[in-house]
1. Before rounding to the nearest 500, sum -39500 (n - 2.57) across all DSSP H runs of length at least 4 in the chain and divide by the residue total; then give [θ] at 222 nm in deg cm²/dmol.
2. Treat the count of other C-beta atoms within 10 Å as a stand-in for reagent exposure and order H95, H368 from fewest to most.
3. Set Lys and Arg Cβ to +1 and Asp and Glu Cβ to -1, take the dipole of segment 210-267 about its Cα centre, and tell me which of S227, N210, I246 lies farthest positive.
4. What distance in nm lies between label points placed 7 Å from Cα along the C-beta direction at R148 and M411?
5. Label A68 and T257 with points 7 Å out from Cα along Cα→Cβ: what is the distance between them in nm?
6. Translational diffusion coefficient, Stokes-Einstein: compute it for segment 287-427 using the Kirkwood radius over C-alpha pairs as Rh, at 10 °C and 1.306 mPa s, and state it as an integer in µm² s⁻¹.
7. What is the sum of charges around R75, taking Lys and Arg as +1, Asp and Glu as -1, for the other residues whose C-beta is under 9 Å from the C-beta of R75?
8. Calculated FRET efficiency, E122 and T83, Cβ-Cβ r, R0 41 Å, to nearest 0.05?
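A short reminder: the numbers here are calculations on the coordinates, not readings from a lab. Keep in mind it's a predicted model, so treat the numbers as computed, not measured. Don't worry about glycine lacking a Cβ; one is built from the backbone with ideal geometry, like all the others, and counts go over all protein chains shown.
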Amino acid sequence: MPEPTTPLIERPWEDVERMLDVDAALDHVLAAFAPLPSITAPLLEAADMVLAADIVARDNIPPFRNSAMDGYAVRATDTVSATWSTPVELHVTSHVAAGQGDVPRLGAGEAIRIMTGAPLPEGADAVVRFEETDESASTDQVGRQIVRIYRAARLLDNVREAGEDITRGTSVACRGHVLRPADLGLIASVGEPSVRVHRRPVVAVLSTGNEVIPPGHALEPGMIRDSNSFVIGSLARAWGAEVRLIGIARDTVDDLTGRLDEASDVDLIVTSGGVSLGDYDLVKDVLEAEGEIAIWQVRMKPGKPLAFGHIGPTPLLGLPGNPVAAAVSFIVFGRPAIRKMLGHRVTEPRMVDVVTADDIDNRGQRRHYVRVRLEPPEGGAILARVAGEQGAGVLSSLAAADALMIVPEEMERAQPGTRLRAILLDW
Ligand code: AMP
Ligand code: MG
């Protein structure tokens, strides 16, 4: 485990000059994480995970020379004069199916009926597809079975060479590679039923607030339902983590401390709420007492307050309580941390170039993540349209959004037509 984070700034609350840049905050967060140890995973479970050891092919793929078509194995030289009007007749001596180990030899003037994937008989050097043959002639004058070939085969027509896909001894996939479906197929082809991958982080998700109750309970006056657990939890799961929801902590030191204790064995604790300046924003106090935690004021919108540090050995990311602030902060800081633990080399979000359709006000020198819908480009760039009301608690506009368009800190206003970048929300 890296050194715990120490507070960077004392109480820089509204002092923009002393707020922390998003990139600096992210650097501090990422410095606390490393790829997790590797495990052996069965192939299907390893999909989308990151390989921790090279895979070297112990066999050729294909393992043997075989037919790419259903047809007749021939010697190309026996077919040179064949045309649609003057077919060549060859003597059919036998047949060979896929999976057949013992394959007959082919002699001059002969053809062997062969199925796709069957080993090419010794002596044969091409396959003529059924579509270019006629089997109905059946026998010649001396009663032997024959086939008419209507096309001159070139050497190795419809033949797949041993090792043409993968050569024995070469690397199929290197460590650090993200396993996609075709990779798993290649790894299976070279005979490996399992792979070494970085294990998935276990992420504990804790909501806080006396007013917060779980869905499934009737609302009492003053109460709201917990949405953050489900946004944060499903994001973490979509990014590849195993998620443990540890409920909702009351705003008391005992409840908070107790619930955090329950999560002492995880790879990352993510809390929401309680890191602002309110009378009951206890998370920061508990965190400061229990661990080494810094409370930052990050130069971003939504999502300014952010806590980060360690409780014992366990990293903790304290998100703001407002649902969109929590989600955006988790996308900006939590996703890279989870990806780094998973062993990904790329932790940056997927971005697209867009042009804003709307006028965006951005006074306050914060990086503004605007919830936008993307419209297909009409010749030019992708058009980004504000997805609805942009309050930090307005979850419906996040639900309606395709992307988070970034208005830089120093850009006080983005007029329609301004080119910007946007983080794709590919959920
Ligand atoms: P806080 O930072 O704890 O003061 O919370 C800021 C706002 O977010 C308040 O309006 C809270 O009621 C709201 N909030 C906090 N936690 C949650 C949650 N888990 N689900 C939905 N809203 C929340
Ligand atoms: Mg609260």
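1. Numbers: 8 runs with 66 residues, N = 427.
-4000 deg cm²/dmol, from helical runs alone.
2. On the way: H95 15, H368 23.
The fewest-first ordering by Cβ neighbours comes to H95, H368.
3. Positive-most Cα among the choices belongs to S227.
4. 7.2 nm
5. For the pair A68/T257, the computed spacing is 7.2 nm.
6. Values: Rh = 16.0 Å.
For the chosen part, D equals 99 µm²/s.
7. Details: positive: none; negative: D78, E110, D125.
With Lys, Arg at +1 and Asp, Glu at -1, the net is -3.
8. On the way: r = 28 Å, r/R0 = 0.69.
That pair, E122 with T83, gives E of 0.90.
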